[in-house]
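Sending over a structure as structure tokens; questions will come in a sec.
The values are calculated or read from the model by the stated rules, or taken from the named source; none is laboratory data. Model, not experiment: these values are computed from the prediction. Heads up, the Cβs are rebuilt from the backbone with ideal geometry, glycines too, and the neighbour counts pull from every protein chain shown. Just so you know, the surface numbers come from the protein's heavy atoms only, side chains and all, with ligands and any DNA or RNA stripped out. Shrake-Rupley method; radii C 1.70, N 1.55, O 1.52, S 1.80 Å.
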Amino acid sequence: MRILNQVLAVTRLNILNLPKRIATSMVAIVGVAAVVLVFAAVLSMAKGFERTMTRAGATDTAIVIRSGSTSELASGLGNDQVLIVETAPGVLRDGGEAVVSAELYVLVDIRKKSNDSAANVPFRGVGSRAFDVRDSTALIEGRMFEPGKNELIVGRAAQSEFKGLELGAAIKFGRTEWNVVGVFAADGGVAESEIWTDVRVLQGAYRRGNSFQTVRVRLRDTGAIAGLKEALRNDPRLDVDVFSERQFYSTQAEGTSTFIRVLGYPVTILMAIGAVFGALNSMYSSVSARGKEIATLRALGFGPLPVLISTIFESTLLALAGGLLGGAIAFLAFNGLTVSTLSNASFSQVVFDFAVTGDLLLQGLVTALIIGLIGGLLPAIRAARLPVAQALREL
Amino acid sequence: MSEALAELRGVSRVYQKGKERVDVLHELDLDIPGGDFLAIMGPSGSGKTTLLNLLGGLDRPTNGTVTVGGAELSSMSNNQLSNWRATHVGFVFQFYNLLPVLTAQKNVELPLLLTNFNARERAERAAIALDIVGLSDRARHLPRELSGGQEQRVAIARAIVSDPTLLLCDEPTGDLDRGTADEILGLLQILNREHGKTIVMVTHDAQAAEFATRTLHVDKGQLESRAAA
Ligand SMILES: Nc1ncnc2c1ncn2[C@@H]1O[C@H](COP(=O)(O)OP(=O)(O)O)[C@@H](O)[C@H]1O
Ligand SMILES: [Mg+2]
């Protein structure tokens, strides 16, 4: 009880004294806030990216790609191979016709609305069944492109992010002019960042002959994937990998979110170390500013423990204030913020939202707390060990 | 005067300043009987504060023993010394050392946080102490709203609030004008005569020393009493 009284009293004195040390205290607070801000920014980016990449991932849709290709761009499939896939077991049939879409995509430069810089946008040639081999993807405005014509439909996210994709607009890629005839949505998924046209037209416009990159297949049911994999792997005329769409996207997302984290964690850790020094500095100056007060209290009979605890308390309080500040800024500035970034797997723009989630903020606060504890410990020990007689002389 | 309240036996205090040895006190003996009002004089740097710190358990002798009220300070741990200070000595400093963010009342209550008194008892006792020093009407003032003499009175109230037997005052009037100084010294005299406090007061002001019952001089690390001039 007495010790608690002492701790409370000394801590209260510390806090009452804080306004006098506002400048150094702010250094500590801002340092910690910056760490939590960067931490939350990086991780919310990774999280938002993962969310977007896996949202569109269905388990009853398969993607067939040339064996060993890590991305669609690196893949290549001939027309004859596409025909083999269409007749493979497990593929859903609709009136005798296989529900598949053989696709090919290229990257085109379009300027961003936000800063007018050019960005790579995936321009995908699809089959007439494109909407049937993708879940929750549908035209929301205009109409479907007509086969054989230079017409395209644009994803909703691409339309809002990039210039010149309004319905009815004409846009030029290279020497070919295209008309925007429709807008499609994909429930926030990655396809919304794309532009589509008839795959045959794309092959002609980009001199790809009769080649494709992927075949998207609607399966009879989720379980049919094993049979399809088996059949295609055993076919000597083919050399392909088969993934469920979910598997495919999450593999791609993994690369990028790992990339973001690999960049982000060291930056955060370096900044955290900086913030620890900021807190250390602030707390050392706090201890020396309070030297006379601490010495007086010790002369009156206060023990070293309350001095130690109150110093650590002050430091964690400052760090926590910084953490809350950084977290609040991160939440207000980033949460739901839509950005587009280069997906390193497809070398194309993916539009996604930052997700500043609760557990992410909690992690940020825990980080702040740790910074405060580490930054406060050594100064607290110094405060507790203050040679009283000497400190009283140095008034 | 057979039982001394405080006894110093063969006390030496040597400071190590880098490679240099500073011999401040040298095999010093001192008996302070209960009820004494002792003034210690000496030039600046002669070791007066050092002596006071040894008596108050803020510092340890290099050699020798310090015994106060039967307790041998040199054998106590730092924590024991803290607890001992809380109940056995009151310090009065030249620059008052009040906590600027606390009112006079709260400053005086501080030492009571080290006791088992509850909040109401603490407030009552602090009020009594402020009354003794004649500052009841300033209880809610912050130190910066008080004059130097008033601040020193608050500091004295703080020193006596937990009713220690020994008061150690280090140049308590060093920062005050003559008139105010005499008031403070008069107050110490009252505490000595009417409240039975044993007081050791360091000063280099001969007029201040006259308020004490006896005066000792620090000279070459030893104490000597000089015949009054
Ligand atoms: N911590 C210390 N380290 C080294 N020398 C010290 C220390 N404290 C005091 N001294 C020296 O001891 C001497 C006595 O100091 P002090 O007791 O404060 O004298 P006074 O109070 O009589 O002025 C001085 O010369 C001072 O410089
Ligand atoms: Mg001195």
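If you put +1 on each Lys and Arg Cβ and -1 on each Asp and Glu Cβ, how big is the dipole of chain A around its Cα centre, in Debye rounded to 20?
That gives a dipole near 1880 debye.
In nm, give the distance between the simple-model label positions of A:Ala328 and A:Ile273, each being 7 Å from the Cα along the Cα-to-Cβ direction.
Placing both labels 7 Å beyond Cα along the Cβ direction yields 3.1 nm.
With contacts defined as alpha carbon pairs under 8 Å and 6 or more residues apart, what's the relative contact order of the range A:68-238 in percent?
Values: 344 pairs, mean separation 55.1, N = 171.
Relative contact order comes out at 32 percent.
R0 = 51 Å: FRET efficiency of A:Ser114 with A:Leu373, Cβ-based, nearest 0.05? Mind dumping the intermediate values first?
Working: r = 41 Å, r/R0 = 0.80.
Efficiency, from the Cβ-Cβ distance: 0.80.
Cut-off 10 angstrom, C-alpha nodes, Gaussian network model of chain B. Which of B:Ser74, B:Ser44, B:Ser12 fluctuates the most?
Its mean-square fluctuation being the largest, the pick is B:Ser44.
Could you check which residue among A:Ser75, A:Ser114, A:Ser101 shows the biggest mean-square fluctuation in a GNM of chain A with a 10 Å Cα cutoff?
Looking only at A:Ser75, A:Ser114, A:Ser101, the biggest GNM fluctuation is shown by A:Ser114.
Note down the accessible area of A:Lys163, probe 1.4 Å, to the nearest 10 Å².
We get 90 Å² for A:Lys163.
Given charges of +1 on the Cβ of Lys and Arg and -1 on the Cβ of Asp and Glu, with all other atoms neutral, how large is the dipole of the range A:68-238 about its Cα centre, in debye to the nearest 20?
Rounded to the nearest 20 debye, it is 360 debye.
Note down the nm distance, to one decimal, between modelled labels 7 Å out along Cα→Cβ at A:Arg233 and at B:Ser44.
About 9.2 nm separates the two model spin labels.
What list of ³J(HN,Hα) couplings, whole Hz, do you get for the range B:195-212 from phi and the Karplus terms 6.51, -1.76, 1.60, once you set θ to phi - 60° and write x for glycine and proline?
Using θ = phi - 60°, the values come out as 10, x, 7, 8, 10, 10, 10, 8, 7, 10, 9, 4, 5, 5, 4, 5, 6, 7 Hz.
Would you please give the FRET efficiency between B:Glu124 and B:Lys19, computed as 1/(1 + (r/R0)^6) with r the Cβ-Cβ distance and R0 = 51 Å, to the nearest 0.05?
In this case the efficiency is close to 0.40.
Next question, about the same structure. Can you run phi through the Karplus equation (6.51, -1.76, 1.60; θ = phi - 60°) for the range A:227-238 and list ³J(HN,Hα) in whole Hz, with x for Gly and Pro?
Whole-Hz 3J(HN,Hα) from phi for the range A:227-238: x, 5, 4, 4, 4, 6, 5, 7, 7, x, 7, 10.
Consider just the alpha-carbon atoms of the range A:1-126 and return their Rg together with their Dmax, both in angstrom.
29.4, 87
Mean residue ellipticity at 222 nm from the helices of chain B, using -39,500 (n - 2.57) per DSSP H segment of n ≥ 4 over the full residue count, to the nearest 500 deg cm²/dmol?
Counting only the DSSP helices, I get -9500 deg cm²/dmol.
Running a GNM on chain A with Cα contacts under 10 Å, which residue among A:Asn335, A:Asn17, A:Asn179 ends up with the highest mean-square fluctuation?
A:Asn17
Then there's this: Tell me the accessible surface of B:His195 in square angstrom (1.4 angstrom probe, heavy atoms of protein chains only), to the nearest ten.
Ignoring ligands and nucleic acids, B:His195 comes out at about 80 Å².
In what sequence, largest accessible area first, do B:Asp175, B:Asp219 appear using a 1.4 Å probe?
B:Asp175, B:Asp219
Share of antiparallel DSSP beta bridges in the range A:68-238, in percent to the nearest 5?
75
Using a cut-off of 15 Å between alpha-carbon atoms, which aspartates and glutamates can reach B:Lys197, once sequence neighbours fewer than 8 places away in the same chain are excluded?
Within the straight-line cut-off, B:Lys197 pairs with B:Asp36, B:Asp163.
Provide the FRET efficiency to the nearest 0.05 for the A:Asp80-A:Ala169 pair, computing r from the beta carbons and using R0 = 25 Å.
0.10
As a test question: what accessible area, to the nearest 10 Å², does A:Val30 have when a 1.4 Å probe is rolled over all protein chains in place?
Per-residue accessible area (A:Val30): approximately 80 Å².
Within 10 Å of each candidate Cβ there may be at most 12 other Cβ atoms; applying that plus a DSSP loop requirement, which GluC sites (Glu not before Pro) in the range A:90-180 survive?
Within the range A:90-180, the qualifying GluC sites (Glu not before Pro) (loop, at most 12 other Cβ atoms within 10 Å) are A:Glu166.
On a 23 Å Cα-Cα criterion, which of the cross-link pairs A:Lys47/A:Lys163; A:Lys292/B:Lys220; A:Lys292/B:Lys48; A:Lys292/B:Lys106; A:Lys20/A:Lys292 come out too long?
The pairs that break the limit, which is 23 Å between Cα atoms, are A:Lys47/A:Lys163; A:Lys292/B:Lys220.
For the range A:361-367, just list the computed ³J(HN,Hα) in residue order, Karplus coefficients 6.51, -1.76 and 1.60, θ = phi - 60°, integers in Hz, with x standing in for Gly and Pro.
Taking θ as phi minus 60°, the curve returns 5, 4, 4, x, 5, 4, 4 Hz for the range A:361-367.
Also: Checking the cross-link filter: which lysines have an alpha carbon closer than 16 Å to that of A:Lys229, excluding same-chain neighbours under 8 positions apart?
none
Using amide H atoms built in the peptide plane, which far-off residues or other-chain residues are under 5 Å from B:Asp219 H to H?
B:Glu224
Given just the C-alpha atoms of the protein assembly as shown, how large is their convex hull per residue in cubic angstrom?
Spelled out: Cα convex hull of the protein assembly as shown, divided by residues, is 234 Å³.
For B:Val89, A:Val366, give me the order by solvent-accessible area with a 1.4 Å probe, most accessible first, ignoring ligands, DNA and RNA.
The most accessible residue leads, giving A:Val366, B:Val89.
Then there's this: Given A:Leu320, A:Val356, B:Thr67, which one lies farthest toward the positive end of the charge dipole of the protein assembly as shown, if we put +1 on the Cβ of every Lys and Arg and -1 on the Cβ of every Asp and Glu?
A:Val356
Hey, another quick one. Could you order A:Ile269, A:Ile329 so the one with the most accessible surface comes first? Probe is 1.4 Å.
Descending accessible area places them as A:Ile269, A:Ile329.
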